[in-house]
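Student: Okay, here's the structure, questions in a sec.
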C-alpha cells in the first residue's frame with residue numbers, strides 16, 4: 001500500500017480514495033489517522049478479491065442502484081456494500097487478519113443499512 005497526498009484528485013466531500021495499490025488522501029494528517037487508513041485498507045482487500053476493475057464496476061452500479069433507492073447521494077454512498085463493510089470494521093485493526101473472503105456479500109442485505 002502506498003499513501004499519497006493528492007488534494008485535487010479527491011472529489012469534494014471525500015477525504016480519500018483507494019485504487020490498488022494506492023491510497024490517495026486529501027489531507028496529510030489522514031496518513032496518521034489509523035481508522036481512516038484501516039477503512040481504505042479494507043477497500044484495497046475488496047479490490048484484490050474482485051480483481052480491481054470488477055470492483056469499480058460493481059461499486060458504481062451499486063451506487064446508482066442505491067441512489068435510486070435512497071434518493072440522496074450521501075445515503076446511497078454509505079449504503080454501498082463495500083462501504084458498509086469498511087465503516088462497520090474500520091476501528092477493528094485486526095479485522096483484515098480474520099476477514100473471510102468476499103465478506104462484503106453479507107453487507108448486501110437490508111439489516112446493515114446505514115442511515
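The values are calculated or read from the model by the stated rules, or taken from the named source; none is laboratory data. Everything numeric in this text was worked out from a predicted model, so none of it was measured. Ideal geometry is used to build each Cβ from the backbone, glycine not excepted, and the neighbour counts take in all protein chains shown.
Student: Residues to consider are 65, 107; find the one that is under 24 Å from residue 12 (Cβ atoms) and assigned to a helix (DSSP H, G or I).
Tutor: Answer to the selection: 65.
Student: Still on this structure: When you go through 8, 14, 70 one by one, which is the residue that is in contact with a helix residue (DSSP H, G or I) (Cβ under 6 Å, 6 or more places away or on another chain), modelled with pLDDT under 95 and more than 21 Å from residue 100 (Cβ to Cβ)?
Tutor: One residue alone meets the criteria, 70.
Student: Examine region 70-84 for a residue that is assigned to a loop (DSSP other than H, G, I, E, B), more than 13 Å from the chain's Cα centre (by Cα) and either surrounded by fewer than 13 Cβ atoms within 10 Å (Cβ to Cβ) or on the phi > 0 side of the Ramachandran plot (or both), and state whether such a residue exists.
Tutor: Among the residues of region 70-84, at least one is assigned to a loop (DSSP other than H, G, I, E, B), more than 13 Å from the chain's Cα centre (by Cα) and either surrounded by fewer than 13 Cβ atoms within 10 Å (Cβ to Cβ) or on the phi > 0 side of the Ramachandran plot (or both), which makes the answer yes.
Student: Filter region 55-69 down to the residues that are more than 11 Å from the chain's Cα centre (by Cα) and surrounded by 15 or more Cβ atoms within 10 Å (Cβ to Cβ) and list them by number.
Tutor: Scanning region 55-69 gives 58, 62, 63, 66, 67.
Student: Residue check, residue 100 against (1) touching a helix residue (DSSP H, G or I) at 6+ places or on another chain (Cβ under 7 Å); (2) surrounded by fewer than 18 Cβ atoms within 10 Å (Cβ to Cβ), all met but one. Which one?
Tutor: Residue 100 satisfies all of (1) touching a helix residue (DSSP H, G or I) at 6+ places or on another chain (Cβ under 7 Å); (2) surrounded by fewer than 18 Cβ atoms within 10 Å (Cβ to Cβ) except (1).
Student: Does region 22-42 hold any residues that are touching a helix residue (DSSP H, G or I) at 6+ places or on another chain (Cβ under 7 Å) and free of Cβ contacts under 8 Å to residues at least 24 places away in the same chain, and which are they?
Tutor: Of everything in region 22-42, those that are touching a helix residue (DSSP H, G or I) at 6+ places or on another chain (Cβ under 7 Å) and free of Cβ contacts under 8 Å to residues at least 24 places away in the same chain turn out to be 23, 25, 30.
Student: What do you reckon, is residue 4 free of Cβ contacts under 8 Å to residues at least 24 places away in the same chain, part of a loop (DSSP other than H, G, I, E, B) and in contact with a strand residue (DSSP E or B) (Cβ under 7 Å, 6 or more places away or on another chain)?
Tutor: The answer is no for residue 4.
Student: Which condition number does residue 92 fail, the rest of (1) touching a helix residue (DSSP H, G or I) at 6+ places or on another chain (Cβ under 9 Å); (2) assigned to a helix (DSSP H, G or I) being met?
Tutor: It fails just one condition, (2).
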